[in-house]
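All remarks here apply to the structure that follows.
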Amino acid sequence: MKDGALASKSLLAMHARSAPREACGVIGIYLPNSDPSRPDAAMAAYHGLFALQHRGQESAGIAAGDGRTLRNFTHMGLVSQAFRKEDLDALRGHIAIGHTRYSTTGSSKLANAQPIVSKGPDVELALGHNGNIINAAELRDRLKAEWDITCTASTDSEPIAHLLSHAPGRTWGERSAYLMRMLKGAYSLVVATKDTLIAIRDPLGVRPMCLGRLYGGWAIASESAALDHMGAQFVREVEAGETIVIDRNGLTSIPSPVKTSRTAHCVFEHIYFARPDSILDGQLTYVSRQAMGRLLAQEHPAEADIVIPVPDSANTAAVGYAQALGIPYGYGLMKNRYVGRTFIEPDQRFRDLGVRNKFNTMPEVLSGKRVVVVDDSIVRGTTTPHIVALLRRAGAVEVHMRICAPPILHPCHFGVDMPTKGEFIANGRTIEQIREKIGADSLGYLSVAGLRQAVNLEVDSSRGFCEACFTGLYPMEVQLQLDKLHLEQPAAPAAE
């Protein structure tokens, strides 16, 4: 190839940073003691975490209880890298929680891996958290002042664990209610003690969580697809503000002690984060994304010869777009799914070719064609110009970009790692200026109204979504520029 076949690893990292990064994934398992044929809960959690790997690739961990002891194991890396057979064999018991992490507060290091263990006056627990707490610094100060507890990690999840283990109250319902009064932000929590499994979803229900039946016991997961992979039967989604307690007496559901006028489920779960085979807000995500594509076609049609997605998250929306306009659907971009992170800085000569390390084009499909490219979002806009250029070099005579989300203008504070406001390509630019910057022949974004229609918000007004990244209307007061590393301890001065 004239352009070269080698690619820049640093530009690949830039591509990773240019997209919204996934929230974490959590799993909870409670299996009956009396069934010798069932696997240990930790092994079931391990398989469930594989289905949630897309939600976090930095670290993974499992904590298990056998009625007498609580054990915990965490490691950096993917689920397949984090656990050996002997690690899982050591996590004996009928209760387990699992976590796979992408950092939204605190750096990527073993000290921040979850589950996090905390020992209170009356209980020892392990906790896994999906979401983001915006008052974590205040909570750390409170823990120090009231209980002389010093947080050793730099994650917002550690204060949650300590607050819950030290919460006043004789029941888990009372402890959970205390926790909800203290926390501000988004949290879907799985908690294990030596003999009890607890699940807690924040009163706004920002991050997803669902309940299923497994081997006569129970399973909790961030997404229903994880229940499928474990062989569990989906029962329902955990309600906003609900606390579920599972022990030898069975399952107890405790409704939200906090009264809110509406929920604020993250709409980006429908657009990008969740797997297409997961059920969110009573609807298969595949259905939501196909509807986004159809509505995008209505709002921004194009005369073209082929519709292609930027794989993989835009695949389903591209199908909907193509079907709505009767344009053939195809694959002009192929994704290398086995490219991982690297710490090797490449030669400067290859930096401009970095997108080739993640995507390859098929000139036989694209040459001489007017092409519609459907993507889930444009954040910084660092990768999109390279994709457009690749398609043109492959012979596309026209490239029309269609985005199945509105322009992103505001950062997320509830569990999605996004750039600061000034880094968004849509900040201070018109659609025409963005089109010029990415080099496309035309550009169209799905409207907020169209997005609401796709996720059935107009049909079911009892539900609400957080759309703050598009509208700037946050469901609670937030500090607008909060660095994800704000809880990192300053480095100790070097000894003289």
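Side notes on the structure shown:
- Restricting the calculation to alpha carbons of the range 21-262 gives Rg and Dmax of 16.1, 49 angstrom.
- Label separation (M476 vs T260): 0.8 nm, computed from points 7 Å beyond Cα along the C-beta direction.
- Spatially close lysines, pair count over the range 21-262: Cα under 19 Å, gap of eight or more or interchain: 4
- Of the two radii for the range 119-191, the radius of gyration is 0.91 times the Kirkwood radius, both from the alpha carbons; that is the Rg over Rh value.
- Per-residue ³J(HN,Hα) for the range 128-145, Karplus 6.51 cos²θ - 1.76 cosθ + 1.60, θ = phi - 60°, Hz, x for Gly and Pro: x, 10, 10, x, 7, 9, 8, 10, 5, 4, 4, 5, 4, 5, 5, 4, 5, 6
- Two-site label geometry, Q323 and D305: point separation in nm, points 7 Å out along Cα→Cβ: 2.6 nm
- If you take all other residues with their beta carbon under 11 Å from the beta carbon of A226, and give Lys and Arg +1 and Asp and Glu -1, the sum is -1.
- Cut-off under 5 Å, modelled amide H: who pairs with V238 long-range: M209, C210, L211
- Qualifying GluC sites (Glu not before Pro) in the range 118-148, where qualification requires a DSSP coil assignment and no more than 14 other C-beta atoms within 10 Å, are lacking entirely.
- Where GluC sites (Glu not before Pro) fall in DSSP loop in the range 377-462, at most 12 other Cβ within 10 Å: E458
- Straightening the chain between L251 and Q81 buys 57.9 nm, computed as 0.36 nm per residue apart minus the Cα-Cα spacing.
- Here is the list for the range 153-207: trypsin sites (Lys or Arg not before Pro) lying in DSSP coil, each with at most 11 other C-beta atoms within 10 angstrom of its C-beta, are R170.
- Kirkwood-based shape ratio for the range 354-422, expressed as Rg/Rh from alpha carbons: 1.06
- Prolate/oblate/rounded label for the range 179-267 (Cα gyration tensor, a/c 1.5): oblate
- In the range 198-321, the alpha-carbon atoms span a convex hull of 102 Å³ per residue.
Read-outs: derived from the displayed coordinates by stated rules, not from any lab. Here the structure is a predicted model, which means the values were calculated and not measured. When we count neighbours, we look across all protein chains shown, and the Cβ atoms used for this are built from the backbone with ideal geometry, even at glycine.
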